[in-house]
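Below: the structure, in structure tokens.
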Amino acid sequence: MANQAKLTTAGKEFEYPILKGSVGPDVIDIRKLYGQTGQFTFDPGFTSTAACESALTYIDGDEGVLLHRGYPIGQLAEQSSFMEVCYLLLNGELPSGDELETFSTTITRHTMLHEQLATFYRGFRRDAHPMAIMCGVVGALSAFYHDSTDIADPEHRKISSHRLIAKMPTIAAMAYKYSVGQPFLYPDNKLSYTGNFLRMTFGVPAEEYEVIPAVEKAMDRIFILHADHEQNASTSTVRLAGSSGANPFACIAAGIACLWGPAHGGANEAALNMLKEIGTPDKIPHYIERAKDKNDPFRLMGFGHRVYKNYDPRATVMQSTVREVFEALKVDDPLFETALRLEEIALNDPYFVEKKLFPNVDFYSGIILSAIGFPTTMFTVLFALARTVGWVAQWNEMISDPGQKIGRPRQLYTGPTQRDYVAIDKR
Ligand code: ACO
């Protein structure tokens, strides 16, 4: 039968159903494999394993496609807003005008932090990495909002999701303020989600802060581009933590910890540092040669992706956003010219063409964030802020699934077989 996969093992033939999604590769349902054959599958890094069923985000890496609930990321980035994308990811459909207004008002009303949380910040060193502060403070939220941690109650799940999305900009801005020794600013509910974040980050109490519309728009777009990316490492971490019944604040803190790693959220910082090191376009050929040299550990940062074997659709939007931000802020960072030239040279080089290495979302984002005024240590924090909606939407989807089980991978054991304990004087 075409919808069954046959497996011959241990001298017998077994059949496993082939499941079809709405789009994308079919999956072989091997849930009964161990019970029937006594064997596990082996797939470290999950390169061929679908760990869950999801209706949120679809990626076709060969075609450079990214869809949220079916909508292409390019359309959302150009025509939507981050609040609308949050609603879409959480609820499955785009909101009506009234629904969007109600949702935005709800989020706005949750932006303040419990006053006692401010004392947590003061326990950190001034030079603490803001991601360290984020991990700690977000985990601590569970100690403050007991009234929304019954994960079996959909209303509790909704409230804690709203709280997390709403409080993340306040938490992120406070982490920044603490590092530069400036006073914390309370949220201002007259402003948009993104405008409020910019003011809490860059405003000071002594002066009126004016949100620059083009910067607000660019920032909002960057949030949209990072909102969700199906079963990446941090999202899978959130799902795994949540599968044990842990509360949502603890799960999101786990996701933040995973995102912090340089192979995941930290690459835009590395890409910007690389562009600074290259400096001027005349140095590019030297660095291209280094990237191609197997004996040199240097790689073109912001190039290549595990899933995208085509242009990352988010990189296209990022590139056009650089121009808008430069125009609005009247800056002209020569590194942008270096980046454009580097991309052009690499995309015409057989090494990069054959290996299907294209710019990813991180190639241009560092240039924009640095033009807006963020230090590099804040780059991953911004990623965490934006990804929070994806994390909570995926977590909610998992908890709502009646067939949900605790995540418990198996292993290929290669340690010693059973042996007798030897008393210390006999070793
Ligand atoms: N520069 C030069 N060569 C590269 C690069 C690069 N940026 N990326 C991959 N290659 C080469 C590898 O050397 C390898 O060559 P080989 O087949 O001759 O050994 C081949 O392309 C395949 O690379 P892998 O590392 O096996 O591919 P994988 O899918 O495991 O890695 C990754 C993807 C980690 C993103 C990789 O492309 C990379 O290191 N890129 C730079 C870091 C980066 O930009 N990360 C951000 C990813 S986006 C995000 O996380 C939001």
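Since every read-out is calculated from the coordinates, none of them should be taken as a lab result. On a predicted model such as this, the values are computed, not experimentally measured, just so you know. Glycine gets a Cβ as well: all are built from the backbone with ideal geometry, and neighbour counts include every protein chain shown.
Rounded, prolate or oblate: which fits region 1-91 when a ≥ b ≥ c are the square roots of the eigenvalues of the alpha-carbon gyration tensor, with rounded for a/c under 1.5 and prolate only if a/b beats b/c?
Judged from the Cα gyration tensor, region 1-91 comes out prolate (a/c at least 1.5, a/b above b/c).
With the dipole of region 1-128 worked out from charges on the C-beta (+1 for Lys and Arg, -1 for Asp and Glu) around the Cα centre, which of Phe46, Leu90, Leu66 lies farthest toward the positive end?
Phe46
State to the nearest 20 debye the size of the charge dipole of region 23-135 about its Cα centre, where the only charges are +1 on K and R beta carbons and -1 on D and E beta carbons.
Computed charge dipole of region 23-135: roughly 740 debye.
Can you pull out the chymotrypsin sites (Phe, Trp or Tyr not before Pro) in region 319-418 that DSSP calls coil and that have at most 14 other Cβ atoms within 10 Å?
Working: sites: Phe326, Phe336, Tyr351, Phe352, Phe363, Tyr364, Phe379, Phe383, Trp391, Trp395, Tyr413; in loops: Tyr413.
Passing sites in region 319-418 are Tyr413.
What residues qualify as long-range amide H neighbours of Phe14, i.e. H under 5 Å apart, gap of 5 or more or another chain, H built at 1.01 Å from N?
Placed amide hydrogens put Leu7, Thr8, Thr9 under 5 Å from Phe14.
Long-range amide H contacts for Val361: which residues qualify at under 5 Å (H placed 1.01 Å from N, peptide plane, sequence gap of 5 or more or a different chain)?
Hits under the 5 Å cutoff: Ala315.
Output the relative contact order of region 213-274, whole-number percent, from Cα pairs under 8 angstrom with separation of 6+ residues.
Contact order relative to length: 26 percent.
State the answer as a single residue: which of Asn310, Ala267, Leu300 lies farthest towards the positive end of the charge dipole of region 267-372, with beta carbon charges of +1 for Lys and Arg and -1 for Asp and Glu, about the Cα centre.
Of the options given, the answer is Asn310.
Work from the charge dipole of the chain (Cβ charges, +1 for Lys and Arg, -1 for Asp and Glu, about the Cα centre) and give the residue of Ile151, Phe103, Tyr209 farthest towards its positive end.
Value computed over the given set: Ile151.
With +1 assigned to the C-beta of every Lys and Arg and -1 to the C-beta of every Asp and Glu, and no other charges, what is the dipole magnitude of region 4-60 about the Cα centre in debye, to the nearest 20? Write out the running numbers ahead of the final one.
On the way: 5 positive and 7 negative charges, 41 e Å.
Dipole magnitude for region 4-60 comes out near 200 debye.
Output the pairs from Lys158/Lys309; Lys12/Lys32; Lys283/Lys356; Lys190/Lys217; Lys283/Lys355 with a Cα-Cα distance over 25 Å in this structure; if there are none, say none.
Beyond 25 Å: Lys158/Lys309.
State, as an integer percentage, the relative contact order of region 4-60 based on alpha-carbon contacts under 8 Å between residues 6 or more apart.
Over region 4-60, the number comes to 20 percent.
Could you work out the percent of alpha carbon pairs in the chain separated by over 34 Å, rounded to a whole number? Don't jump to the answer; show the numbers that get you there.
Numbers: 34022 of 90951 pairs.
Every Cα pair in the chain considered, those over 34 Å come to 37 percent.
Could you give the longest part of the chain that holds none of the GluC sites (Glu not before Pro) found in DSSP loops with at most 15 neighbouring Cβ atoms within 10 Å?
Between exposed loop sites, the widest span is 211-427.
Name the shape class, rounded, prolate or oblate, that the alpha-carbon gyration tensor gives for region 197-329, where a ≥ b ≥ c are the square roots of its eigenvalues, rounded holds for a/c under 1.5, and otherwise prolate holds if a/b is larger than b/c and oblate otherwise.
Verdict is oblate for region 197-329.
Evaluate the relative contact order of the chain (contact order divided by residue number), counting alpha-carbon pairs under 8 angstrom at least 6 apart; express in whole percent.
For the chain, the relative contact order is 20 percent.
Could you work out how much longer the chain between Gln36 and Phe184 gets when fully extended? Use 0.36 nm per residue separation minus the Cα distance between them, nm to one decimal. Before the final figure, lay out the partial values.
Working: separation 148, 0.36 × 148 = 53.28 nm, distance 5.95 nm.
Once the chain is fully extended between Gln36 and Phe184, it gains 47.3 nm.
Using alpha carbon centroids, what distance separates region 62-108 and region 220-271, in Å?
19
Evaluate the charge dipole of the chain about its Cα centre and quote only its size in Debye, nearest 20, assuming +1 on the Cβ of each Lys and Arg and -1 on the Cβ of each Asp and Glu. Don't skip to the end; give the middle numbers.
Numbers: 41 positive and 50 negative charges, 321 e Å.
It works out to roughly 1540 debye.
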